[in-house]
Amino acid sequence: MVQDLSSPAATDIPLSGSGPIPADPTSGAAADPAAAPDARPLSRRGLERLDLMLLCLEALDLNGGEAMVWLCEQMGYSSVFPSRVALWQGRCHNPLRRTCRRGNLDSRQTEALIQILAAMADRLYPLLRSLLSGSDPPEVNAERWQLFQGRLSELLRERMNMRRSGVHSLIDPLQGAQQRRALVRSLALGAGSGGAERLRASLLDAAA
Amino acid sequence: MLQSAGMKQSLVYEQTSCRLQVEGLPDVSAGHGATSIGIITGWTLHWAGRPDLEGRREHLVALMQVVFPYARHLISDVSRGFGGSDQPVSINPGPDGLHQLSLRSSQSGVEPLRLSLDDAELADLVQVLDRLRLDQRLRLELDLPAVRPLRPRELNLRVPVRRRLAAPLGGLAALLLAAGVGSLLPLPKPQPGAAGSGPGGTGALSAPSGRPGSAPGATPAGSSDGSTNGNSADRSSSSNSDPDAALIERLHSQLHRRADRNSLRRVGFDQTWMLAVNSSGTVVAASPHNAGTASSAAALGLPAQPVGAKPPAGTTLVRADLRSGNGYWELAPWSGWSRRSPQP
């Protein structure tokens, strides 16, 4: 007898180290979904990359900001980021931001943002894949990249400190092309449950 | 997707460009459920437009062991290959941003299969392998490398070799250029009239003294200390000009003959003399500083006539130190008595 059961979707599988975890019957309390497997704080470069990747997802999805807030609630991170303002404040630790907050994210906030990033990347995986695909006609692919680059540049001008050379290089159509492709590729390879581990390890790389 | 035929189970994972199907059986001895896979009997990877891949458990594990670390390093923008030529699967960065996946058959005589994947196909492969790895129905221990942050040395790989070597090579070139320019600069010439007393019985004028006939600029003062070295506190130099080199040579030749041992034995101690020397190098007059007798002068071959308050005309005053132990003379321009030294 052949049973044809659809495999559980990626979002149904609990993300490693996070997601709504059922209450522990022995303790009688819900486990902390944002219990970070690695409590090290992110480096300056890690904070920059985390925020830039979230920005890329917002450039791909016009409702990306709302989706981020919704995912935050769905994944049980309301205690970490109670509101969209708190989520925005967490992202403002990026040194490249126009209004940058001092200090660093704590481990729970870092883990929450990484899991949200992986979940959003998984949700927008088809768009990421279409940007990276080499089998499509070059004109179509170029148009997609141009659209993405335009939206990303608008977001960068709106939120980032334009005096930083890193922001300028990202906005530049020619100079930033390789960097933008690297960000999109990182998102595609970091999508889903297993991708969160890779993203976390990458963001914790030694400060170069 | 799960398919089962009897106890045989099949897990299927699909993405845009590839479809992974894993077949196996539950390990009843380990207490696996009927829908679990504890023993992999085979797997097949269907590629769009490419030959299908299939193999056993170890081939699937080898594929995951190279693809996952490769993807992890790519997220950090480090392009590095994984898997050697002796392993069934290897992946390396290829030209034009592609990724070269090499698969070697365990059967002899079969050429390795090489696939060029773009970023999208690689991402699809990573997705299906991820879903297999995290599927709770797969009850297998997969020996996969741990995911960890990269160290600074590993991150250097993302910097091109040229840029990495530019700074140290540039510094080395600058150092060599500075050394080359410095070697072309002329060296300062050593100052003439360096002092020194050497073996051979002759001393040398240690410092410039007055020319022949110059007045000794000495202004002897009253007190005496009997110092043979004549290190006076306020010695006034007799002359600032260099002595005649020929005069020095002639004086050396005259004093060169060593005093005989009997004479030295009679003298018995180091002596300092003020000599008045004429232009031919002959000692015209001699006054002892710490030895007071004319017999000392005769024993040393010096004239008995003292120098006097006024040195003879046409003569140069020279200080001569005799080392009685070896009979050597050390000559220096006369620069006067010290305040505490007795006047001749």
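The values are calculated or read from the model by the stated rules, or taken from the named source; none is laboratory data. Because the structure is a prediction, the values reported are computed rather than measured. Quick reminder, even Gly has a Cβ in these numbers, built from the backbone with ideal geometry, and neighbours come from all protein chains shown. Just so you know, the surface numbers come from the protein's heavy atoms only, side chains and all, with ligands and any DNA or RNA stripped out. Shrake-Rupley method; radii C 1.70, N 1.55, O 1.52, S 1.80 Å.
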Taking the C-alpha atoms of region B:24-170, convex hull volume expressed per residue in Å³: 144 Å³
Euclidean distance between Cα centres, region A:49-90 to region B:85-112, Å: 40 Å
Neighbouring partner chain Cβ atoms per residue of A:179-191, average, 10 Å criterion: 5
Whether region B:1-89 is rounded, prolate or oblate, judged on the alpha carbon gyration tensor where a/c under 1.5 counts as rounded: prolate
Whole-Hz ³J(HN,Hα) from phi, Karplus 6.51 cos²θ - 1.76 cosθ + 1.60, for region B:92-104, glycine and proline x: 9, x, x, x, 6, x, 8, 10, 8, 9, 10, 10, 10
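Between A:SER79 and B:LEU185, what is the FRET efficiency for a Förster distance of 56 Å, r being their Cβ-Cβ separation, to the nearest 0.05?
Working: r = 73 Å, r/R0 = 1.30.
Given R0 = 56 Å and the Cβ-Cβ separation, E is 0.15.
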Derived scalar couplings ³J(HN,Hα) [region B:145-152; Karplus, 6.51 cos²θ - 1.76 cosθ + 1.60; whole Hz; x for Gly, Pro]: x, 5, 8, 9, x, 7, 8, x
Point-to-point label distance, B:ASN92-A:ASN104, nm (Cα→Cβ direction, 7 Å offset): 3.9 nm
Karplus 3J(HN,Hα) series, Hz, for region A:118-124 with 6.51 cos²θ - 1.76 cosθ + 1.60 (x for Gly, Pro): 5, 5, 5, 5, 5, 5, 9
Interface area, A with B, accessible, probe 1.4 Å, both sides summed, Å² nearest 100: 3100 Å²
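Which FRET efficiency value, to the nearest 0.05, is calculated for B:MET7 and B:LEU144 with the Förster distance at 35 angstrom and r the Cβ-Cβ distance? Walk me through the numbers before you get to the answer.
Details: r = 27 Å, r/R0 = 0.77.
That gives a FRET efficiency of 0.85.
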Solvent-accessible ranking of B:LEU101, B:LEU187, largest area first, probe 1.4 Å: B:LEU187, B:LEU101
Of the trypsin sites (Lys or Arg not before Pro) in region A:138-208, those whose Cβ has at most 11 other Cβ within 10 Å and which sit in DSSP loop: A:ARG163
Euclidean distance between Cα centres, region B:126-190 to region A:141-208, Å: 22 Å
Accessible solvent surface per residue of region B:16-155, calculated while the other protein chains remain in place, 1.4 angstrom probe, Å²: 46 Å²
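With a ≥ b ≥ c the root eigenvalues of the C-alpha gyration tensor of region B:100-194, is it rounded (a/c under 1.5), prolate (a/b larger than b/c) or oblate?
Numbers: a/c = 4.43, a/b = 3.26, b/c = 1.36.
Because a/c hits 1.5 or more and a/b exceeds b/c, region B:100-194 counts as prolate.
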Length released on extending from B:ARG114 to B:ARG57, taking residue separation times 0.36 nm less the Cα-Cα span: 18.5 nm
Full-stretch length increase - B:TRP47, B:GLU14 - with 0.36 nm per residue and alpha-carbon distance subtracted: 10.8 nm
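Hey, got the average number of other protein chain Cβ atoms within 10 angstrom for residues in B:127-140?
Details: counts 10, 0, 1, 10, 8, 2, 2, 10, 3, 3, 3, 0, 0, 0.
Counting Cβ atoms of other protein chains within 10 Å of each residue's Cβ and averaging gives 4.
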Shielding of B:143-150 by partner chains, average beta-carbon count, 10 Å: 4
Highest average packing first - A:126-136, B:25-35, Cβ atoms within 10 Å: A:126-136, B:25-35
Label point distance in nm, B:THR35-A:VAL140, each placed 7 Å from Cα along Cα→Cβ: 3.7 nm
